[in-house]
Amino acid sequence: MTEKLLSGKRKPRADVLRNRERVLAAAKAVFSQDGGAEASLGAVARRAGVGIGTLYRHFPSREALYEAVYRREVEQLVELAKELEDSMAPVEALRCWLQAGVEFMATKKGMAAALALAAYSSTHLVAYSLERLTAALRALLHRAGTAGEIRTDIDAQDLLFTLIGMCYLHDRPGWQAKVLQMVDVLIAGLRQRQNEAHC
């Protein structure tokens, strides 16, 4: 009661937060599938195991749900970069993060048309995600470069755009496996020393 009076509003109940997370996880799964952006919100609610009313209480419009899924994925990738820095060798942390980025792009591709609408109504969404993801990748690159394990003349945003480009250029079934293979090629290229001879 005291906490409510001090804050001016009640904290969300644990079950409310759990329902919200279930809806976001279900929406990611649905939107990642082929044609997922066109899926009904009822399909998302069924997968989450909640009623459609519960979904709408958290996300009053389709665009609000799209944006929330996107932001959640961005924040999870940012947090993952920090976790990998603490738990993996520099190059393997970088590889694992880029691989997670491919999964993120799979969600984003499934939501491409919808995200365009969300970005239109929220012009800072793309800038927000680009800034956050570039900073996370820059930290991983710096760590690996400082350890002398990769070249240090690669810009984090350029590498991020390369990953995004590879994901969007591959649009046939099984594209994720192909891009993951190319991530290994990228890592091999990053391991080259700056003073090696180039054609």
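Each peptide in 88-94, 164-170 was scored by the mean count of other Cβ atoms within 10 Å over its residues; highest first, the order is 88-94, 164-170. Shown in residue order for region 131-137 are the 3J(HN,Hα) couplings computed by the Karplus curve 6.51 cos²θ - 1.76 cosθ + 1.60 at θ = phi - 60°: 5, 5, 6, 5, 5, 5, 5 Hz (x for Gly and Pro).
For each of Ile150, Ile187, count neighbouring Cβ atoms within 10 Å of the residue's Cβ, then give the residues from fewest to most. Walk me through the numbers on the way to the answer.
Working: Ile150 23, Ile187 17.
Going from sparsest to densest Cβ surroundings: Ile187, Ile150.
As a rough guide to protection, the peptides 133-145, 48-60 ranked by mean Cβ packing within 10 Å, highest first, stand as 133-145, 48-60.
Readers should treat all values here as calculations from the given coordinates under stated rules, not as data from a laboratory. These figures come from a predicted structure and were not determined experimentally. Every residue, glycine among them, receives a Cβ derived from its backbone with ideal geometry; neighbour counts consider all protein chains shown.
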